[in-house]
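Below is one structure, written out as structure tokens; comments come after it.
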């Protein structure tokens, strides 16, 4: 079973993640940020992972530290659960429609963190959630998981729908990338022979 637990503690946040990659979409989460919990659930359920995520942060200041540190912790958990990446498909992509919105997600567990986030989110907030934190979450995840990620908005004007399409598509693309390729189950999918430094 490919699983991991990761805890991150700073003066600003305390985050704990339990992750099972080969799961059924079971999910519990409490970060104190309702919209973030909703987006995390989309990743887990659409990726068919099992995850427990808890976070206590300085949300009385703003949501930035908590969102970023949850991204870091979840990325670290994925990296730990995947080990040396042996046998994974490595790449994943998904084009996800959400009503009028359409977002393309493409990713690579390359060991080289990179985020290209081309989302034109018109509103500054969805509820009490600052929409600029979408970028912060994905950047934190990429940096801690060693992931190259491209998010490209192809259509859409509703901020909630654009963000939801990105998170759902991310879950679906993650599922593809971490699936074991039966033909190459004993191999690291790189001509370099490694995907982690």
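Miscellaneous remarks
- By the count of other C-beta atoms within 10 Å, a proxy for reagent exposure, 27, 170 are ordered fewest to most as 27, 170.
- For the chain, calculated [θ]222 nm from helices alone, where every DSSP H run of n ≥ 4 adds -39500 (n - 2.57): -11000 deg cm²/dmol
- Values of log10 I(q)/I(0), in the order q = 0.11 Å⁻¹, for segment 49-129 under a Debye, Cα-only, solvent-free model: -0.45
- FRET E, pair residue 179, residue 155, Förster distance 22 Å, beta-carbon r, rounded to 0.05: 0.20
- Distance cut-off 19 Å, percentage of C-alpha pairs in segment 82-173 lying past it: 39
- From the coordinates of this entry, Kirkwood radius over Cα pairs in Å is computed, and it appears in (1) 17.6; (2) 18.0; (3) 16.7 under the label (3).
- As a rough guide to protection, the peptides 174-185, 72-83 ranked by mean Cβ packing within 10 Å, highest first, stand as 72-83, 174-185.
- Panel order for 91, 6, by other beta carbons found within 10 Å of each beta carbon, from fewest to most: 91, 6.
- Relative contact order [Cα under 8 Å, 6+ residues apart], segment 3-184, whole percent: 27
- Taking Cα atoms only, the orientation of helix 34-47 departs from the longest principal axis of the chain by about 20 degrees.
- For segment 19-98: relative contact order, % (alpha-carbon pairs under 8 angstrom, 6 or more apart): 30
- Peptides 94-103, 122-131 ranked from most to least packed by the mean count of surrounding Cβ atoms within 10 Å: 94-103, 122-131.
- Among 26, 19, 119, the ranking by other beta carbons within 10 Å of each residue's beta carbon, starting with the fewest, stands as 26, 119, 19.
- Here segment 47-86 is treated as an ellipsoid with the same Cα gyration tensor; its semi-axes, largest first and in whole Å, are 25, 11, 7.
- Nearest-ten-degree value, helix 133-145 long axis tilted from longest Cα axis of the chain: 20
Read the figures in this text as sums done on the coordinates, not as results from a lab. Everything numeric in this text was worked out from a predicted model, so none of it was measured. Neighbour counts are summed over all protein chains in view; Cβ atoms, including those assigned to glycine, are modelled from backbone coordinates with ideal geometry.
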